[in-house]
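First comes the structure, then the notes that go with it.
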Amino acid sequence: MKILRYKNTHYQIAIRLGVIVFSFLIPSGVFAIEMNTYGKLGVLGSLDFGTARSSYTGVLAYAGADFKHDNGFRWGIGAIGSFTPWEQRSGVSNALNTGDAAEAYIGFQGDSLIVLAGRFCNEFMKFEWLQGNVQGVSLRFKRFNKYESNAAYWLTYANSYLYNGKQQSALGDKIATDLMGLVSYNDNGLQKNNVFGSGEMVVFGVDFRRRNSLLQPYALFHSNVSGSLLAQGGLQIKIGDIEGKSSHSLASLYAIYQYWDKPASNANTVLMWWDQSIVLGGSFWFGFGIAGVVGDEHSYFYSLSDASKFYGRSFAPSNFAPYFAGKSMYGYIYEGLDFGSVRADMLASFGTYNEYSIMVSMIVWQKEAMKFEFGLGYAYIKTRPYWSLDSGIGTGNALKAFVKFSY
């Protein structure tokens with residue numbers, strides 16, 4: 001990510017990607033603009049050792065720019081595309097031959113309010129179940145008084161979602177998952193993708209921060225997922241160093257109820273989840289957790305992203321999370337390291353969901369925000385048989401290698 005600053009003349013603004021068009025929306029006078037550019041180009045190869053015969057090679061490219069004016073006005077543009085030069089059999093790759101306008105938005109950012117509308121990255125909402133890019137409107141604001149100085153209120157309306165594989169936990173982005181999948185806002189430019197669903201989504205909540213704790217109640221409503229209404233309501237609690245300093249401990253607790261009236265399944269599902277992570281010196285971490293999904297075996301907990309340490313969503317031949325299958329109960333342990341130029345993630349789970357995964361990445365060249373890296377990873381995944389029939393995931397057993405340039 002590269003940040004440049006341009007000062008005060010309309011001539012300099014005019015030469016940057018159509019800023020002159022938007023300057024008519026700004027009151028006349030002298031102002032400054034900050035441009036933040038970002039992008040990546042990556043190649044990933046997947047070798048499948050199972051019976052699914054889902055080996056493939058995928059290429060993904062992404063570039064965008066965000067513009068911030070000193071009066072609070074903000075806008076951005078971006079594009080993403082992928083193609084599959086080779087696949088063992090048709091349709092096995094999560095990174096299909098597709099492309100889309102990843103970002104096209106306007107908004108406002110001030111001390112107590114940020115609002116964006118259009119297509120944009122939703123991470124500023126700090127809601128882990130809806131990371132990545134949405135199409136809609138999001139706003140987050142704070143009230144400054146003695147009762148609410150530690151509270152932030154937020155709301156997102158989305159009518160589509162760009163699945164780009166990005167998954168982030170409290171320990172940072174998962175390695176190379178942003179190269180393992182791409183689903184456009186609309187399949188074939190005609191209908192919404194099946195990862196998001198064909199309806200409209202509204203999700204809202206409040207973040208209460210007090211010393212070393214975060215309390216986040218939320219509610220989510222989706223008018224049509226797999227032909228049915230979906231609603232969620234729950235509470236997320238984080239206790240420990242939520243800012244993630246060099247050495248810290250963080251406990252994350254989740255209790256979420258879901259109503260989803262899918263055909264041939266019970267509508268009621270409850271996710272109960274506890275995760276404990278310990279970071280030492282900012283370079284080494286380990287942790288453990290236990291999770292259960294109480295509900296019908298043919299259903300699952302709906303999520304477009306999550307903050308888990310699992311790699312199963314990216315390794316399985318689907319963009320759904322196999323570890324959120326209905327009627328599940330499992331425990332897991334994980335560890336990792338990050339020495340700047342070398343990073344590794346390792347995890348093992350036991351119970352109704354089994355995953356044994358390791359991902360390693362190495363930065364071989366870096367200059368400021370630009371870097372070139374490569375990596376290798378392996379995962380064995382085994383889900384419950386009845387859920388495999390519903391989702392088409394089954395047992396995963398694959399090796400993945402990648403190279404990526406990013407800025």
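The values are calculated or read from the model by the stated rules, or taken from the named source; none is laboratory data. Everything numeric in this text was worked out from a predicted model, so none of it was measured. Don't worry about glycine lacking a Cβ; one is built from the backbone with ideal geometry, like all the others, and counts go over all protein chains shown. Ligands, DNA and RNA are excluded from the accessible area calculation, which covers all protein heavy atoms including side chains. Shrake-Rupley method; radii C 1.70, N 1.55, O 1.52, S 1.80 Å.
Structural remarks
- Looking only at the stretch 308-328, and only at residues there that are of a type in the set (S, T, N, Q) and surrounded by fewer than 24 Cβ atoms within 10 Å (Cβ to Cβ), the one that is nearest to GLU87 (Cα to Cα): SER318
- Of the criteria (1) surrounded by fewer than 18 Cβ atoms within 10 Å (Cβ to Cβ); (2) touching a strand residue (DSSP E or B) at 6+ places or on another chain (Cβ under 6 Å); (3) assigned to a strand (DSSP E or B), which one SER198 fails: (3)
- Within the set SER305, SER277, SER283, the sole residue that is surrounded by fewer than 19 Cβ atoms within 10 Å (Cβ to Cβ) and among the hydroxyl-bearing types (Ser, Thr, Tyr) turns out to be SER283.
- Test result for LEU47, touching a residue at least 60 places away in the same chain (Cβ under 8 Å), surrounded by fewer than 20 Cβ atoms within 10 Å (Cβ to Cβ) and either closer than 16 Å to TYR105 by Cβ or within 25 Å of the chain's Cα centre (by Cα) (or both): yes
- When residues of the stretch 310-331 are limited to those that are aromatic (Phe, Trp, Tyr) and in a helix (DSSP H, G or I), the one farthest from MET272 (Cα to Cα): PHE315
- Annotation for the stretch 103-111: no member residue is open to solvent by less than 10 Å² (accessible area, probe 1.4 Å) and at positive phi.
- Among residues of the stretch 157-186, those that are part of a loop (DSSP other than H, G, I, E, B), more than 22 Å from ASP345 (Cβ to Cβ) and not aromatic (Phe, Trp, Tyr), counted: 1
- Looking only at residues in the stretch 112-126 that are under 17 Å from VAL195 (Cβ atoms) and not charged (D, E, K, R), the one that is surrounded by the most Cβ atoms within 10 Å (Cβ to Cβ) is CYS121.
- Tally of residues being open to solvent by 10 Å² or more (accessible area, probe 1.4 Å), in contact with a Phe, Trp or Tyr (Cβ under 9 Å, 6 or more places away or on another chain) and either of a type in the set (Asp, Glu) or at pLDDT 90 or above (or both) across the stretch 158-174: 2
- Strands (runs of 3 or more DSSP E) within the stretch 207-292 that include 1 or more residues farther than 29 Å from PHE350 by Cα: 213-225, 228-240
- Filter pass, GLY336 being outside any strand (DSSP E or B) and of a type outside the set (A, V, I, L, M): no
- In the stretch 367-407, the residue that is modelled with the lowest pLDDT out of those that are among the hydroxyl-bearing types (Ser, Thr, Tyr) and open to solvent by 60 Å² or more (accessible area, probe 1.4 Å) is THR395.
- Exactly one residue among VAL225, VAL203 is open to solvent by less than 50 Å² (accessible area, probe 1.4 Å) and in contact with a helix residue (DSSP H, G or I) (Cβ under 7 Å, 6 or more places away or on another chain), and that residue is VAL203.
- Taking residues in the stretch 346-362 that are under 14 Å from ALA401 (Cα atoms) and open to solvent by 60 Å² or more (accessible area, probe 1.4 Å), and partners anywhere that are aromatic (Phe, Trp, Tyr) and part of a strand (DSSP E or B), the pairs with Cβ atoms closer than 8 Å and at least 6 places apart or on different chains are ILE358/TYR378; MET362/PHE374.
- The residue pairs whose first member lies in the stretch 51-65 and is under 22 Å from LEU376 (Cβ atoms), whose second member is open to solvent by 50 Å² or more (accessible area, probe 1.4 Å) and among the charged types (D, E, K, R), and whose beta carbons are closer than 8 Å, counting only pairs six or more residues apart or on different chains, are ARG53/ARG89; SER54/GLU87; SER54/ARG89; SER55/GLU87; TYR56/GLU87; THR57/GLU87.
- Taking the criterion of being modelled with pLDDT of 95 or more and either open to solvent by less than 60 Å² (accessible area, probe 1.4 Å) or touching a helix residue (DSSP H, G or I) at 6+ places or on another chain (Cβ under 9 Å) (or both), the residues of the stretch 253-268 that qualify are TYR254, ALA255, ILE256, GLN258.
- Taken over the stretch 329-344, the criterion of being surrounded by 14 or more Cβ atoms within 10 Å (Cβ to Cβ) and among the aromatic types (Phe, Trp, Tyr) is satisfied by TYR330, TYR332, TYR334.
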